[in-house]
């Protein structure tokens, strides 16, 4: 693993947290908006948004599970 100072680690955690969850929140909001009408629910945009949101949430869960089980260095 790459040696990173504590300050840089905290900075990277803040940037990843704010950008990642902000992006997922925006995608989720767009997903809700496209679910309002039946015509939009059947569009490729709604299906693509559903796929992206579900994949990102599963990826975050898997990454969190992996990193929580790794013993500290």
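The values are calculated or read from the model by the stated rules, or taken from the named source; none is laboratory data. Given the structure is predicted, the values throughout are model-derived calculations rather than measurements. Every residue, glycine among them, receives a Cβ derived from its backbone with ideal geometry; neighbour counts consider all protein chains shown.
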Candidates 20, 31 - the one that is in a helix (DSSP H, G or I), in contact with a helix residue (DSSP H, G or I) (Cβ under 9 Å, 6 or more places away or on another chain) and at pLDDT below 85 = 20
request  = Please give the number of the condition residue 47 fails out of (1) over 19 Å from the mean Cα position of the chain (by Cα); (2) at pLDDT 90 or above.
outcome  = (1)
query = In this structure, does residue 60 turn out to be in a helix (DSSP H, G or I), out of contact with any strand residue (DSSP E or B) (no Cβ under 9 Å at 6 or more places or on another chain), surrounded by 11 or more Cβ atoms within 10 Å (Cβ to Cβ) and modelled with pLDDT under 90?
reply = yes
